[in-house]
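Below is one structure, written out as C-alpha cells; comments come after it.
Every number here is computed from the coordinates shown, using simple stated rules; none is lab data. Just so it is clear, the structure is predicted and the values come from calculations on it, not from any experiment. Please note: Cβ atoms are built from the backbone with ideal geometry, for glycine as well, and neighbour counts cover all protein chains shown.
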Amino acid sequence: MFLSFFSDLFNQDFMLRALIAGILLGIIAPLIGSIVVIRRLSFIADTLGHFSLVGISISFFLTYTFGWTVFSLRPQYLAIVFSVIGGLLIELFRRYYRNYKEIAMAIVISLGAAASAIFFSLSKKTGSLYNYLFGSILTVTDYYVVLIAITSLVVFLLFGLFGRQIISVSFEETNAKFFGINLGVFQLVFIIVLSVVVSILLESVGVLLSSAMMIIPIAAAMKIGWSYRSTTIIAILFSELSVFLGLWIAYSFNIPSGAAIVSVNIIILVIVSVIKRIMIKRTLKKTPEIANFDVGE
C-alpha cells in the first residue's frame, strides 16, 4: 500500500499538488504559529477561520442571488478579505477591552459563525459547508498551489528581512518599543499576514483544523527545543512529517486529509510528551538530590 502511495505521489497530478501544498503549508503554518504561541494568541486562528468562512458563504450567496460566478469559482478572494477584516476587528476589540483582551476573540468568532450560517442558508449551499469545515488537501487546484506559493514567499521575505524585530516584539513589547520598533505597524502587518495564512489553510485543512496545523507542532517542539530557533525548526520538521504521513493515511483509508494530518500531529505531540516525561523521571532517579522537583514539565 505504501509503495502504491509513493508511486502515485509523483505520477498523479492531484497527489503532486497536494504534496507541494502540504510542504509549503508545513513550513509557514508553524512559522506563523510560533509567533502566535509566544504572543499567547493560540485561539486566534480558530477565530479568523470562522470569520474567513463568512467570505466563503457570501461568495456562494452572491452567485446564487446575482449569478456572479467569479466568486463561487474563486471563493478564496472574499475568504482572505473577511479573514483580514476579522483580524482587524480582533485588534479593535483587544484595544477596547484592554484588561480582558480574550473577549475580542469570543466576539469575533461568534459573529463569524452566525454570519456564515446565515449566508450559507440563504445561498442553499449548506451541503458544501462540510468541505470548508474539514478541508481536503487532495483536491487542491493549480491555482490554489500558486496562491500558497505566493503567500509562502511573502512570509519568508518578512521573516528574512524583519525576523529579529518580529521576535523582539513578540517576546517583549516594552524593549521593542525602546529600540524604536513601531508596535502599531507591527500589529497591523502581523494580523494581516496571519489572516491571509489562516484563509489559505481553509481549503486544505478546514476551519476546525487550521489552528491545529499552526499550534500543535509548536506545542510538541516546545518539549524538546532549547531556543526559539530550534523549537521552530523542530516544529517545521514535525509538521512536514505529519503532512506526509497524513497524506498517506488519507490516500490509503479514504478519510479527510486535513483530519488525518492533524491526527498525526496529535500523535507526535503525545509521543514526544511521553518520551520527555520518561527521560525526566530517569534523570531524577539518577540524581536523588533533585527528586523532590515537579516532573510535570
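Structural remarks
- For the chain, the residue among Phe60, Leu92, Leu147 whose Cα projects farthest onto the positive side of the dipole built from Cβ charges is Leu92.
- Net charge dipole, the chain: roughly 640 debye, given to the nearest 20, about the Cα centre with Cβ charges of +1 for Lys and Arg and -1 for Asp and Glu.
- In the chain, the DSSP-assigned H stretches of four residues or longer account for a calculated mean residue ellipticity at 222 nm of -27000 deg cm²/dmol, using -39500 (n - 2.57) per stretch and the full residue count as denominator.
- Between Ala149 and Ala114, the modelled labels are 4.2 nm apart [label points 7 Å from Cα along Cα→Cβ].
- Whole-angstrom gap from the range 1-58 to the range 166-218, using each part's C-alpha centre: 15 Å
- Pairwise Lys count, the range 2-290 - Cα closer than 21 Å, eight or more residues apart or different chains: 7
- All-pairs alpha carbon distance profile, the chain, 5 Å steps from 0, percent: 1, 5, 11, 15, 16, 16, 13, 10, 6, 4, 2, 1, 0, 0, 0
- Inter-probe distance in nm under a simple model that places probes 7 Å from Cα toward Cβ, at Asn254 and Met222: 4.0 nm
- Mean Kyte hydropathy of 0.0 or more with a Cα span along the axis of at least 24 Å, helices from DSSP in the chain: 13-38, 44-66, 76-96, 103-122, 142-171, 183-205, 228-253, 257-286
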